[in-house]
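Report on one structure; see the data block that follows.
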Ligand code: SF4
């Protein structure tokens, strides 16, 4: 079963998924990743004291670090914060970055929303990204296009894993310059 975090990594560079499943001994943990984890723990403490008004909501029950699994999608993950309202389910994803989110973050949020729908049996048509350093909130619509992107990416990821095929590096080589897997990729400068 794939993880939602794999989907985010795949969107950044498909090769990372190959490393994780086909060469599992390669598992770098960087200072940056550790700092992100600590920042998220601090934010959870603050979130418990925060009002739902941060998200423009007047009602809802909060669930932290909710584990969700979908047999349909063959996918699982842990949601930073899930809010259950009367007629909708909402995913909140914390980001330890100043306020920009790439397509990989939108896909990750969408995948969590799809898992949460199946878990609670209520629709999830929007989510929020909470940028920890700036304390800004961005709302994201869970569109049919994003859902299709998630499904397409899951198919492509499974092809990589079952075929044990190492993908080419991304065209944007700037990604490699800041990638924690860089020392394992001998074909990138
Ligand atoms: S260094 Fe480049 S090719 Fe290697 S995993 Fe990272 S982004 Fe992909």
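The values are calculated or read from the model by the stated rules, or taken from the named source; none is laboratory data. Bear in mind that the values here come from a model prediction, so they are computed numbers and not experimental data. Cβ coordinates were reconstructed from backbone atoms using ideal geometry, including for glycine residues, and neighbour counts include every protein chain displayed.
Numerical summary
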| quantity | calculated |
| --- | --- |
| Filter pass, residue 158 being surrounded by fewer than 16 Cβ atoms within 10 Å (Cβ to Cβ), within 15 Å of the ligand (Cβ to nearest atom), more than 17 Å from the chain's Cα centre (by Cα) and more than 30 Å from residue 61 (Cα to Cα) | no |
| Residue identified as away from the ligand (no atom under 16 Å from the Cβ) and either assigned to a loop (DSSP other than H, G, I, E, B) or over 19 Å from residue 62 (Cβ atoms) (or both) among 138, 147 | 147 |
| Candidates 124, 113, 82, filtered to the one that is part of a loop (DSSP other than H, G, I, E, B) and either in contact with a strand residue (DSSP E or B) (Cβ under 6 Å, 6 or more places away or on another chain) or more than 26 Å from residue 13 (Cα to Cα) (or both) | 124 |
| Unmet criterion (only one of (1) more than 16 Å from the ligand (Cβ to nearest atom); (2) surrounded by 14 or more Cβ atoms within 10 Å (Cβ to Cβ); (3) outside any helix (DSSP H, G or I)) for residue 118 | (3) |
| Qualifying positions in segment 171-189 - closer than 14 Å to residue 20 by Cα and more than 6 Å from the ligand (Cβ to nearest atom) | 180, 184 |
| Test for residue 101: is it touching a residue at least 12 places away in the same chain (Cβ under 8 Å), away from the ligand (no atom under 16 Å from the Cβ) and either in a loop (DSSP other than H, G, I, E, B) or within 14 Å of residue 14 (Cα to Cα) (or both) | yes |
| Selection count where residues are near the ligand (Cβ under 10 Å from one of its atoms), modelled with pLDDT of 90 or more and either more than 18 Å from residue 75 (Cα to Cα) or surrounded by fewer than 20 Cβ atoms within 10 Å (Cβ to Cβ) (or both), scope segment 3-15 | 2 |
